[in-house]
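See structure below.
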Amino acid sequence: YKCSFTRMLSGINSLLKMCRLKNSLLAAITIIAGDFIAGVNISFLHLLLDCVSMMIAVGFANIHNDLLDIETDRINRPDRPLPSGAISLKKAKIACLVTAIAPVALCFTLSLNHGLFYLALIAFLFAYNKILKRLPLVKNIMVAILCASPLLISVIDGHYWNPKLYPPAVLPSF
């Protein structure tokens, strides 16, 4: 049992490395800050679902990126979970699918707008990883938009664009 449990923990640790947990936490903090700045008043459960969904979506983006860049990572980042063999390609593909579906499904429980937002976000993240990151100027614009996207949750939560969100929304552009 101990060996099996250790392997399970190792697999979870590898998935968390692929998700880049620090980036996911930063996105969740951005939602909290956006709601605070905009004066949005929602329940703790609603805020938690917003944050968890964003963290999972960021996890999707990073797992998907690692799947697409596995050959490059074998040379440049052999320590990453996929090239090092710490996680199998099959498990990474399953995690990618789950992290693409989960935030959309979770947020449709909040509202149609939340669900549609996450559906669009996952589509943009997919397009970014697959095509847009190879286009120099488009890549930079997309990164700025994607970094500011957690603030859009505050717009959906508050039902309007609060002008106080302009400074943090523009900041990723610099």
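The values are calculated or read from the model by the stated rules, or taken from the named source; none is laboratory data. Everything numeric here is computed off the predicted structure, so don't read it as measured data. Note that each Cβ is placed from the backbone with ideal geometry, even for glycine, and that neighbours are counted across all protein chains shown. The protein model used for the area step is the full one, side chains on, heavy atoms only, and it has no ligands, DNA or RNA in it. Shrake-Rupley method; radii C 1.70, N 1.55, O 1.52, S 1.80 Å.
Annotations
- Scan of region 90-102 for residues that are hydrophobic (A, V, I, L, M, F, W, C) and open to solvent by 80 Å² or more (accessible area, probe 1.4 Å), ordered by number: Ile94, Leu97, Val98, Ile101
- Scan of region 103-126 for residues that are among the small types (Gly, Ala, Ser) and open to solvent by 30 Å² or more (accessible area, probe 1.4 Å), ordered by number: Ala105, Ser111, Ala120, Ala123
- Applying the criterion of being in a helix (DSSP H, G or I) and open to solvent by 40 Å² or more (accessible area, probe 1.4 Å) to the residues of region 17-32, the residue that is farthest from Ala95 (Cα to Cα) is Ile32.
- Test for Ser14: is it small (Gly, Ala, Ser), at pLDDT below 95, crowded, with 18+ Cβ neighbours inside 10 Å and assigned to a helix (DSSP H, G or I): yes
- Test: Ala102 is of a type in the set (Gly, Ala, Ser), closer than 21 Å to Leu25 by Cβ and modelled with pLDDT of 95 or more: yes
- Residue check, Val143 of a type in the set (Val, Ile, Thr) and closer than 30 Å to Ala38 by Cβ: yes
- Meets criteria (open to solvent by 90 Å² or more (accessible area, probe 1.4 Å), of a type in the set (Phe, Trp, Tyr) and under 15 Å from the mean Cα position of the chain (by Cα)) for Phe60: no
- Boolean, Phe174 is more than 12 Å from the chain's Cα centre (by Cα) and modelled with pLDDT under 95: yes
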